[in-house]
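Colleague: After the C-alpha cells below, expect a handful of questions from me.
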Amino acid sequence: MIDDTMTEAELKMSGAVDHTRTEFGKIRTGRANPGLIADLPVDYYGAPTPLQQVAGVSVPEPRMLLVSPYDASALKGIERAIATSDLGLNPSNDGKVIRVVFPELTEERRIQFVRLARERAEEGRVSIRNIRRAAKTEIGRLAGDGEITEDDERRADKSLQELTDRHVGEVDALLANKEKELLEV
C-alpha cells in the first residue's frame, strides 16, 4: 500500500519537474529554440492548430529559426501567429519559408525573463508540495484505518519528504541553469 502511494507520488513529482522544464524551454533566451514557437496556435482552415502540426521548424543559425510550412496556404497564418505572440519576434516571409531572427535581449528584458522563470519554478515547487500533501494524507488514512503501523507511517513520511526535497532540488537546479542562460551576454 505504501509502496503504491510512494510510486504514484514519485511519478507525479517527476511529471511536475518535466512540466517545469518544458515551461523553461518556452522562455526566450538570446538563442533560437524551436520549443518557443512549437505550441503557438495557428489559424489553419478556421481551426486553431499548434504550429508544430502545420510546419517544420529548424535552427540554421544560433539566432534564427526557419519555419517551413507543410502547406503553402498556411504561410500567412503562421506569420501572423508568430508576429502576434508575446515573444517579441518579427517574422519575415519570402513566399516559401518564414525566417525568425532573434534580436539581442536588453538588460530589462533579461530581468523580466528571469522573473518569469522564477514564477514558473515556484509553480513547479507548489505542484510538488501539493503532490506530497496528497500522498501524506493517503498515508495518514492508511494508518488511521489500521492498515499500516505508526512506525511504517513515520518511515513513509520521512521517505516522502526526501522524495519531495529531491524533486524540489531538481526544479531549483533547472532554475539556476535558466537564470545563468538568461543573464549570459
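The values are calculated or read from the model by the stated rules, or taken from the named source; none is laboratory data. Just so it is clear, the structure is predicted and the values come from calculations on it, not from any experiment. No Cβ is skipped: glycine too gets one built from the backbone with ideal geometry, and neighbour counts run over all protein chains shown.
Colleague: Kindly establish whether ARG132 is outside any loop (DSSP other than H, G, I, E, B), buried (at least 16 other Cβ atoms within 10 Å of the Cβ), among the basic types (Lys, Arg) and at pLDDT 95 or above. Explain how you work it out, then say what you get.
Modeller: Numbers: outside any loop (DSSP other than H, G, I, E, B): yes; buried (at least 16 other Cβ atoms within 10 Å of the Cβ): yes; among the basic types (Lys, Arg): yes; at pLDDT 95 or above: yes.
The answer is yes for ARG132.
Colleague: Select, from VAL100, VAL54, VAL59, VAL114, the only residue that is surrounded by 13 or more Cβ atoms within 10 Å (Cβ to Cβ), farther than 21 Å from LEU182 by Cβ and at pLDDT 85 or above.
Modeller: Values: VAL100 fails: farther than 21 Å from LEU182 by Cβ; VAL59 fails: farther than 21 Å from LEU182 by Cβ; VAL114 fails: farther than 21 Å from LEU182 by Cβ.
Answer to the check: VAL54.
Colleague: Residues in the range 100-119: is at least one farther than 30 Å from GLU170 by Cβ, touching a helix residue (DSSP H, G or I) at 6+ places or on another chain (Cβ under 9 Å) and among the hydrophobic types (A, V, I, L, M, F, W, C)?
Modeller: Filtering the range 100-119 down to residues farther than 30 Å from GLU170 by Cβ leaves 100-101, 103-104, 106.
Filter once more, so that each one left must be touching a helix residue (DSSP H, G or I) at 6+ places or on another chain (Cβ under 9 Å): 100.
Next, only the ones that are among the hydrophobic types (A, V, I, L, M, F, W, C) stay: 100.
Within the range 100-119, one or more residues are farther than 30 Å from GLU170 by Cβ, touching a helix residue (DSSP H, G or I) at 6+ places or on another chain (Cβ under 9 Å) and among the hydrophobic types (A, V, I, L, M, F, W, C).
Colleague: Let me ask you something else. Go through the residues of the range 35-43 one by one and say whether even a single one is under 24 Å from LEU182 (Cβ atoms), modelled with pLDDT of 85 or more, more than 21 Å from the chain's Cα centre (by Cα) and not small (Gly, Ala, Ser). Give the derivation first.
Modeller: Taking the range 35-43 and keeping what is under 24 Å from LEU182 (Cβ atoms), we get 35-40.
If we keep only those that are modelled with pLDDT of 85 or more as well, we get 40.
Add one more test, that the residue is more than 21 Å from the chain's Cα centre (by Cα), and what stays is none.
Scanning the range 35-43 turns up no residue that is under 24 Å from LEU182 (Cβ atoms), modelled with pLDDT of 85 or more, more than 21 Å from the chain's Cα centre (by Cα) and not small (Gly, Ala, Ser).
Colleague: Hey, another quick one. Considering only the range 118-153, state which residues are among the hydrophobic types (A, V, I, L, M, F, W, C) and either in contact with a strand residue (DSSP E or B) (Cβ under 9 Å, 6 or more places away or on another chain) or free of Cβ contacts under 8 Å to residues at least 24 places away in the same chain (or both). Write out each step before concluding.
Modeller: We begin by selecting, within the range 118-153, every residue among the hydrophobic types (A, V, I, L, M, F, W, C); these are 121, 126, 128, 131, 134-135, 139, 142-143, 148.
Answer for the range 118-153, where residues must be among the hydrophobic types (A, V, I, L, M, F, W, C) and either in contact with a strand residue (DSSP E or B) (Cβ under 9 Å, 6 or more places away or on another chain) or free of Cβ contacts under 8 Å to residues at least 24 places away in the same chain (or both): VAL126, ALA143.
Colleague: Kindly indicate which of SER92, SER68 is closer than 25 Å to ASN33 by Cα, in contact with a Lys or Arg (Cβ under 7 Å, 6 or more places away or on another chain) and among the small types (Gly, Ala, Ser). Outline the logic, then answer.
Modeller: Details: SER68 fails: in contact with a Lys or Arg (Cβ under 7 Å, 6 or more places away or on another chain).
The unique qualifying residue is SER92.
Colleague: Kindly indicate whether ARG109 is surrounded by 13 or more Cβ atoms within 10 Å (Cβ to Cβ), touching a Phe, Trp or Tyr at 6+ places or on another chain (Cβ under 9 Å) and part of a helix (DSSP H, G or I).
Modeller: Against the criterion (surrounded by 13 or more Cβ atoms within 10 Å (Cβ to Cβ), touching a Phe, Trp or Tyr at 6+ places or on another chain (Cβ under 9 Å) and part of a helix (DSSP H, G or I)), ARG109 does not qualify.
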